[in-house]
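Q: Can you read through this structure? Questions will come right after.
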Amino acid sequence: MKKKYRINPVFSEMIPAALSACEGILFDSCSSCPHCGGRLAGYDTKTKHFADVIDGSGIKTIKVRIKRFRCSECGVIVYADQPFYPNTRAGSPVVDLCVVLSANMPYARAATSLQQFGVNVDRWSVRNYTRKIPVSLPLKELYGILLPESIISLAAQTFNNGMGNSIGASEVLSACGFPSSQKSGAALKKSSDTKDIDYTRFFPSLCCD
């Protein structure tokens with residue numbers, strides 16, 4: 001018989017709520033062309049897959065909108081600042097969860113744990129994301145489990161705004177550490193220099209003895 005690993009029910013409520021709060025958010029900020037520094041003009045808006053969360057009715061796809069710009073100097077098309085690592089197809093908090101869980105368990109078990117967290121990711125995607133982000137991530141311990149700081153910060157923002165309400169684009173980018181700007185492991189490690197915060201105070205109603 002396959003062994004089942006117990007996941008604190010706190011996470012199956014907290015994590016889907018945090019990811020769902022990003023539904024439909026428009027990311028439309030980009031100060032200048034990252035290639036030449038030129039002035040940008042609006043071009044169009046793309047919809048991107050952010051996460052698949054598991055709720056009582058099944059799997060719900062969370063999507064966000066990303067504005068694109070054309071540089072008036074070099075003509076290149078660039079995306080607004082966004083909560084995605086380069087060349088990935090899920091929001092950075094989901095990728096962070098894949099990386100952290102896979103550091104301590106096989107990909108298949110990590111995918112199963114994600115489902116228990118309320119996030120649907122197949123084991124092949126878990127493997128691919130883990131290989132694309134081969135660096136250390138800032139972590140926080142919550143209720144005895146180490147989780148990526150990005151998902152805990154996003155959950156804290158969601159709790160502050162009220163469960164079921166959306167949050168702002170700048171709040172999401174701040175929680176996620178602006179991953180679309182990170183071109184190297186050095187940049188990612190630098191983002192871990194954050195203040196030590198007791199995140200459990202944001203979730204008193206969810207705390208389990």
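Derivation of every value follows stated rules applied to the coordinates shown; laboratory data play no part. Given the structure is predicted, the values throughout are model-derived calculations rather than measurements. Please note: Cβ atoms are built from the backbone with ideal geometry, for glycine as well, and neighbour counts cover all protein chains shown.
Q: Scan segment 1-86 for GluC sites (Glu not before Pro) in coil per DSSP, keeping those whose Cβ has at most 14 other Cβ atoms within 10 Å, and list them by number.
A: Within segment 1-86, the qualifying GluC sites (Glu not before Pro) (loop, at most 14 other Cβ atoms within 10 Å) are E73.
Q: A further question follows. Which of the peptides 86-97, 120-131 is most tightly packed, and how do the rest follow, going by the mean number of other Cβ atoms within 10 Å of each residue?
A: Answer by packing, highest mean first, reads 86-97, 120-131.
Q: Continuing with the same structure: Please sort by residue number the chymotrypsin sites (Phe, Trp or Tyr not before Pro) in segment 65-107 whose DSSP state is loop and whose Cβ has at most 15 other Cβ atoms within 10 Å.
A: Passing both the DSSP loop test and the Cβ count: no residue.
Q: Starting from the 7 Å offset along Cα-to-Cβ, what nm value, one decimal, do you get for the label separation of C36 and N161?
A: So the label points at C36 and N161 sit 3.6 nm apart.
Q: Report the relative contact order of segment 9-187, percent, no decimals, based on alpha-carbon pairs under 8 angstrom and at least 6 residues apart.
A: 26 percent
Q: Taking neighbour counts of Cβ atoms within 10 Å as a proxy for exposure, in what order, fewest first, do C74, C22 appear?
A: C74, C22
Q: In units of 2.2 N^0.38 Å, what is the alpha-carbon radius of gyration of segment 5-61?
A: 1.71
Q: Using a 10 Å cut-off around each Cβ, can you sort K140, K63 from fewest to most neighbouring Cβ atoms?
A: In increasing order of surrounding Cβ atoms, one gets K63, K140.
Q: Applying the Karplus parametrisation 6.51 cos²θ - 1.76 cosθ + 1.60 with θ = phi - 60° to the phi angles of segment 56-70, what ³J(HN,Hα) value in whole Hz is obtained for each residue in order, glycine and proline being reported as x?
A: x, 9, x, 9, 10, 8, 9, 10, 10, 10, 10, 7, 10, 10, 10
Q: Output wanted: per-residue J couplings in Hz (rounded whole) for segment 71-87, from phi through Karplus 6.51 cos²θ - 1.76 cosθ + 1.60, θ = phi - 60°, x for Gly and Pro.
A: With the stated coefficients, segment 71-87 comes to 6, 6, 9, 9, x, 6, 8, 10, 8, 5, 4, 8, x, 9, 6, x, 6 Hz.
Q: Shifting gears a bit: Provide Rg over Rh for segment 9-187; use the alpha carbon set for both Rg and the Kirkwood Rh (inverse mean inverse pair distance).
A: Radius of gyration relative to Kirkwood radius: 0.98.
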